[in-house]
Structure formats: structure tokens, C-alpha cells
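Working notes, structure below.
Bear in mind that the values in this text are calculations on the coordinates, not laboratory data. Keep in mind it's a predicted model, so treat the numbers as computed, not measured. Cβ sites come from the backbone with ideal geometry, for glycine too, and all protein chains shown count toward neighbours.
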Amino acid sequence: MTGSRDTYGGYRTRLVEQLRAQGIRDLAVLRAFAATPRHLFVPEAVRHRAYEDAALPIGAGQTISQPFTQARYLETLGLKGNERVLEIGTGSGYQTALLAALAEQVFTIERVRSLAETAQAALRAAGVTNVSVLVGDGTLGWSAYAPYHAILVAAGGPELPPPLVQQLAPDGRMIIPLGTKGKQVLSLVRVTPMGAHVTPIGDARFVPLVGEHGFDA
């Protein structure tokens with residue numbers, strides 16, 4: 001994923017060490033962070049902070065999430081490499097690239113066209129080829145390629161969007177922050193014969209999930 005002129009390898013190594021120190025144990029997740037050039041997914045103005053374990057602004061009122069939060073997401077999903085994954089909220093494309101390193105195919109939806117276009121350019125620059133990007137309402141999912149083995153929602157919503165539950169494979173899992181604007185509980189969702197089973201993971205704070213089954217814009 002990284003080019004021959006990449007000079008950020010040492011920074012990525014330090015970030016991986018931080019993630020490991022904070023309890024991330026999944027070796028595939030750590031390898032994905034070691035190989036994915038986060039600096040390509042942040043604006044030039046904050047590129048010097050690309051490998052800090054911090055959320056950074058990316059424009060349009062959105063942020064690129066803290067790496068530890070993303071690592072916790074990815075570790076919880078437990079991807080094995082052969083999955084079809086749906087991501088809601090492409091944002092900068094960085095988490096998309098991490099997913100692409102962990103799964104067979106990634107489908108990602110972004111409601112803000114300018115962010116989707118910037119993310120596509122960054123994904124190309126990073127050499128990521130197993131990602132499809134759609135501009136639209138993420139709360140509706142992407143039914144054409146369902147069912148998904150895993151769904152990752154990178155924004156906080158008030159409730160489980162029914163279309164996403166319907167597009168999750170019977171043995172699949174979804175990670176989504178649920179709650180109010182500004183404060184949510186990161187939740188793991190599995191579909192069982194009795195319906196959707198939700199397990200709380202921990203407190204979270206994400207940008208609002210906007211759409212038909214989310215918050216109003």
C-alpha cells in the first residue's frame with residue numbers, strides 16, 4: 001500500500017506500538033495500521049499530525065477518527081480476509097483502506113460528494129483496489145451487494161437502521177454507535193433467529209449519522 005518514496009514508516013511503527021500498548025492484540029489489525037499510509041488521507045494542513053493517535057478534521061464538518069477507536073472497531077469485527085464488508089461513512093477513506101487490508105471486498109457509502117471524491121483519490125494514491133464507493137444515504141445501505149458479512153458504521157445514530165439489519169448476513173456482525181448527538185454507546189449487532197441482538201461495547205463520540213434512518217441534516 002505504500003510507495004517506494006514513503007518516508008512515514010517510522011511514524012506508523014510508533015503508532016502501532018501505541019495501539020499495542022493500549023491493548024490491541026489482533027495481529028492482522030496491527031499489520032493493517034503498519035501498512036496503511038494515514039498521511040494520504042488527511043488534509044495537507046494537518047499532515048504533520050497524521051500519525052498522532054487523535055481525531056483530525058477533514059472538512060465538511062467531518063473528522064478522521066482516532067486510530068485507537070478504529071482499531072477497536074476492527075478488532076471487534078474479527079475479520080478473517082474473505083469477507084464482503086459494508087462501511088457507512090467513508091469520510092477520509094482511511095478506515096476504508098484499513099478494511100480493504102482486512103477483507104476481500106469493501107463497499108462504502110458517503111453522503112458528502114466532495115469527501116467521497118477526495119477519499120477515492122486517496123485510495124487510488126494508496127494503491128487500494130478492492131473498494132467500491134457510493135455517494136448516498138448510508139442508512140439505506142447498498143442492497144445490490146447484500147448480504148454483508150460485516151457492516152461498520154462510522155457515525156452515531158439514534159437507532160438501528162432497519163435496512164442495515166436486513167442487509168447483514170445471518171452469521172454477520174455490525175458495529176454501530178447508538179445514542180444521542182455527541183454521546184453514543186459503541187454497539188455490536190448480530191442477527192439471530194430471535195432478531196437483532198445488541199451488545200454494548202463502550203462509550204463513544206462520533207459525528208451524527210444523517211439520513212432517512214438517522215438524524216436530520
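So the values come out like this:
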| item | result |
| --- | --- |
| Linear extension gain, ASP171 paired with ALA217, 0.36 nm per residue minus alpha-carbon span | 13.3 nm |
| Tilt relative to the chain, helix 113-125 - C-alpha long axis, 0 to 90 degrees, to 10 | 50 degrees |
| FRET efficiency for LEU188 and GLU44, using Cβ-Cβ distance with R0 set to 35 Å, rounded to 0.05 | 0.45 |
| Computed [θ] at 222 nm, helices only, for the chain once each DSSP H run of length n ≥ 4 contributes -39500 (n - 2.57) | -8000 deg cm²/dmol |
| Largest-first ellipsoid semi-axes for segment 17-75, taking √(5λ) over the Cα gyration tensor eigenvalues, angstrom | 21, 12, 10 |
| Translational diffusion of segment 9-204, µm² s⁻¹ [Kirkwood Rh, Cα pairs; Stokes-Einstein; 4 °C; 1.567 mPa s] | 78 µm²/s |
| Within the chain: Cβ-based charge dipole about Cα centre, in debye rounded to nearest 20 (Lys, Arg +1; Asp, Glu -1) | 480 debye |
| Neighbour-count ranking [beta-carbon atoms within 10 angstrom, fewest first] of THR7, THR36 | THR7, THR36 |
| Percent antiparallel among DSSP beta bridges (both partners in the chain, rounded to 5) | 50 percent |
| Exposure proxy ranking, count of Cβ atoms within 10 Å, fewest first, for ASP171, ASP216 | ASP216, ASP171 |
| Using alpha-carbon coordinates, inclination of helix 67-77 to the longest axis of the chain, degrees | 50 degrees |
| Per-residue Cβ neighbour rank within 10 angstrom, fewest leading, MET174, MET194 | MET194, MET174 |
| Distance in nm between pseudo-label sites at ALA121 and GLN22 (7 Å out along the Cβ direction from Cα) | 2.9 nm |
| Whole-number percent relative contact order across the chain, with pairs defined as alpha carbons under 8 Å at least 6 apart | 15 percent |
| Three-way shape call for segment 67-169 based on the alpha-carbon gyration tensor, with the a/c threshold at 1.5 | rounded |
| Which of GLN18, VAL185, GLN120, positive extreme of dipole for segment 9-204 (C-beta unit charges) | GLN18 |
| Within segment 162-217: Cβ-based charge dipole about Cα centre, in debye rounded to nearest 20 (Lys, Arg +1; Asp, Glu -1) | 160 debye |
| Positive dipole terminus of segment 9-204, leading residue within ASN130, VAL198, ALA54 (C-beta point charges) | ALA54 |
